[in-house]
Amino acid sequence: MGYAITVIDGEPLVLTEQMYLASQNPATSSPFHASHNVRRFVYGGQDLVIKEPGLFASLINTYYAAQDADFLASRNYFVSGRSQINAEAEKLLFLQSQDLRLAPKLIDHNPKKGQLVREYIHGKTFRQMSIEEQLDSVHHIVSLVEKVHREGIAIGDAHVKNVMHSDCDGQYLWLDFDGRFDESIPVIAQANDVIKLVYSTFTESKDMVLTRQMGESLGHYGVEHVRNVARVLVDHIGYSPGLWWATRVSRKEHRAIKELMMDSLQLYSG
């Protein structure tokens, strides 16, 4: 995409030593389970998150790329952890520069080391919501993805687990833009986001009612050229052991999800 990431408000984004030391202090930080090294920490009275390349991040990415090969085939196999995080920083900073509250705020970034610091969001992830809250969130999540797409950005791993509902302002935010995906043709990358959003709802919940709700909500997704491409891509997704590995849907569930998406993507209710 080529977004400028070297300065913000006229100042270089270079992760300070003091901030980095605070993020590594066991007394003020705690790790998350993730492909990269991700820690929540406190600095200057703020709750923050640091992300830096994990030791096995490239191998983990290769595993997921192989898993995705018979589904969307959207992941790049061989990318460094540093390039993944730098790509994420670009997207966060671009959304921030547009004054859009769609993702956590980027606080600092060291591109040479592939480290970024962003705000910590207090709230519930999709995974932490009750089924009633999940059903209520579906339309908001589709709207969030549409807004990101309208800025020319593909999420990449548009897995519903990466959605957060903020306690602070009630906004739905996308947490993870890790840059491991083929975005050489942006409209295809965005169409893959739309498809992954629905299938991941089932992967995450194993609930066809919730999955149907997500699929039906695509009738409100309004980026027409992405809708058209997504419909073509969905039409060509066949069932295979590889598809089951990536999505955990049965043949019957795949057929139902595919038909629902085809119908929803054909219609637009605004």
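Compute, for region 163-222, the length of the dipole vector about the Cα centre, with Cβ point charges of +1 (Lys, Arg) and -1 (Asp, Glu) only. Units Debye, rounded to 20. Numbers along the way, then the final one.
Values: 4 positive and 10 negative charges, 53 e Å.
Magnitude of the dipole: close to 260 debye.
Mind checking the per residue accessible area of the chain for me, 1.4 Å probe, whole number of Å²?
Details: 12860 Å² over 270 residues.
Normalised by residue count, the accessible surface of the chain is 48 Å².
Where does each of VAL142, VAL209, VAL42 land when they are ordered by accessible area, with a 1.4 Å probe and the largest first? Walk me through the numbers on the way to the answer.
Working: VAL142 5, VAL209 100, VAL42 70 Å².
Putting VAL142, VAL209, VAL42 in descending order of accessible area: VAL209, VAL42, VAL142.
Taking the Cα centre of region 48-111 as origin, sum charge times position over the Cβ atoms of Lys and Arg (+1) and Asp and Glu (-1), and report the length of that vector in debye to the nearest 20. Kindly include the intermediate steps, with their values, before the conclusion.
Numbers: 6 positive and 7 negative charges, 19 e Å.
That gives region 48-111 a dipole magnitude of about 100 debye.
What number comes out for the charge environment of HIS236, summing +1 per Lys or Arg and -1 per Asp or Glu over other residues with Cβ under 13 Å away?
Working: positive: ARG231, LYS258; negative: ASP70, ASP235.
Every neighbour counted, the sum reads 0.
Which one of MET164, GLN46, LEU106 has its Cα pushed farthest toward the positive end of the charge dipole of the chain, where Lys and Arg give +1 and Asp and Glu give -1 at the Cβ?
So the residue we want is MET164.
Can you check what the net charge comes to around GLU204, using other residues whose Cβ is under 12 Å from the Cβ of GLU204 (Lys, Arg +1; Asp, Glu -1)? Each step should come with its number before you reach the end.
On the way: positive: ARG127, LYS161, LYS196, LYS206, ARG248; negative: ASP207.
Once all neighbours under 12 Å are counted, the net charge is +4.
Of TYR120, TYR221, MET262, which is farthest on the positive side of the dipole of the chain, counting Cα position, with +1 on Lys and Arg Cβ, -1 on Asp and Glu Cβ, and the Cα centre as origin?
Going by the Cα projections, it comes out as MET262.
In whole percent, what relative contact order does region 102-259 give with Cα contacts below 8 Å and a gap of six or more residues? Don't skip to the end; give the middle numbers.
Values: 201 pairs, mean separation 34.8, N = 158.
It rounds to 22 percent for region 102-259.
So, how do all the Cα-to-Cα distances of region 37-190 break down into 10 Å bins, in percent, from 0 on up?
Reading the bins upward from 0: 11, 38, 39, 12, 0.
Note the full-extension length gain between THR28 and GLN67 as 0.36 nm times their separation in residues minus their Cα-Cα distance, in nm to one decimal.
Numbers: separation 39, 0.36 × 39 = 14.04 nm, distance 3.64 nm.
Using 0.36 nm per residue and subtracting the Cα-Cα distance, I get 10.4 nm.
For a test of the definition: using alpha carbon positions, the gyration tensor, and the 1.5 limit on a/c, classify region 192-239 as rounded, prolate or oblate. Provide the component values of the computation, followed by the final result.
Working: a/c = 2.37, a/b = 1.40, b/c = 1.70.
Oblate, because a/c is 1.5 or more while a/b does not exceed b/c.
Let's see if you can work this out: charge +1 on each Lys and Arg Cβ, -1 on each Asp and Glu Cβ, no other charges. What is the dipole magnitude of the chain about its Cα centre, in debye to the nearest 20? Intermediate values should be presented prior to the final figure.
On the way: 27 positive and 33 negative charges, 130 e Å.
Magnitude of the dipole: close to 620 debye.
What helices does the chain have that are whole DSSP H segments, at least 15 Å long along their own axis by Cα, and with mean Kyte-Doolittle hydropathy of 0.0 or more? All intermediate terms of the calculation are to be shown ahead of the outcome.
Working: long enough: 57-68 (16 Å, -0.08); 81-97 (24 Å, -0.33); 131-150 (29 Å, -0.18); 186-205 (28 Å, 0.40); 224-235 (17 Å, -0.02); 251-266 (23 Å, -1.07).
Length and hydropathy pass: 186-205.
Keeping every protein chain in place, order TRP174, TRP245 by accessible area at 1.4 Å, biggest value first, i.e. largest first.
Working: TRP174 0, TRP245 85 Å².
From most exposed to least exposed: TRP245, TRP174.
Give the separation of the Cα centroids, region 196-270 to region 164-195, in Å.
Computed from Cα coordinates, the inter-centre distance equals 16 Å.
Counting only other residues whose beta carbon sits under 11 Å from that of ASN61, what net charge do I get with K and R as +1, D and E as -1? Kindly include the intermediate steps, with their values, before the conclusion.
Details: positive: ARG75, ARG180; negative: ASP68, ASP157, ASP178.
Charge balance in the 11 Å sphere: -1.
Per the Kirkwood formula on distinct C-alpha pairs, the Rh of the chain is how many angstrom?
Working: mean 1/r = 0.0523 Å⁻¹.
It is 19.1 Å.
Going by a ≥ b ≥ c, the root eigenvalues of the Cα gyration tensor, does region 41-92 fall in the rounded group (a/c under 1.5), the prolate group (a/b larger than b/c) or the oblate group?
Details: a/c = 2.78, a/b = 2.36, b/c = 1.18.
Prolate, since a/c reaches 1.5 and a/b exceeds b/c.
Please report the carbon-and-sulfur percent of the accessible area for the chain; probe 1.4 Å, protein heavy atoms only, DNA, RNA and ligands left out.
Values: 6760 of 12860 Å².
Roughly 53 percent of what the probe reaches on the chain is carbon or sulfur.
Run the helix sum for the chain: -39,500 (n - 2.57) per DSSP H stretch of 4+ residues, divided by residue count, reported at 222 nm to the nearest 500 deg cm²/dmol.
Working: 9 runs with 122 residues, N = 270.
About -14500 deg cm²/dmol.
Does anything in region 143-161 have its amide N under 17 Å from the 7 Å Cα→Cβ label point of ASP99, and if so which residues?
Within reach of a label on ASP99: 151.
By its C-alpha gyration tensor, with a ≥ b ≥ c as the square roots of the eigenvalues, how is region 208-266 shaped: rounded for a/c under 1.5, else prolate for a/b larger than b/c, else oblate?
In terms of gyration-tensor shape, oblate.
The values are calculated or read from the model by the stated rules, or taken from the named source; none is laboratory data. Every value quoted in this text rests on a predicted model; they were computed, and no experiment measured them. A quick note on method: Cβ atoms are made from the backbone with ideal geometry, for glycine too, and the neighbour counts reach across all protein chains shown. These accessible areas exclude ligands, DNA and RNA; they are computed on the full protein's heavy atoms, side chains included. Shrake-Rupley method; radii C 1.70, N 1.55, O 1.52, S 1.80 Å.
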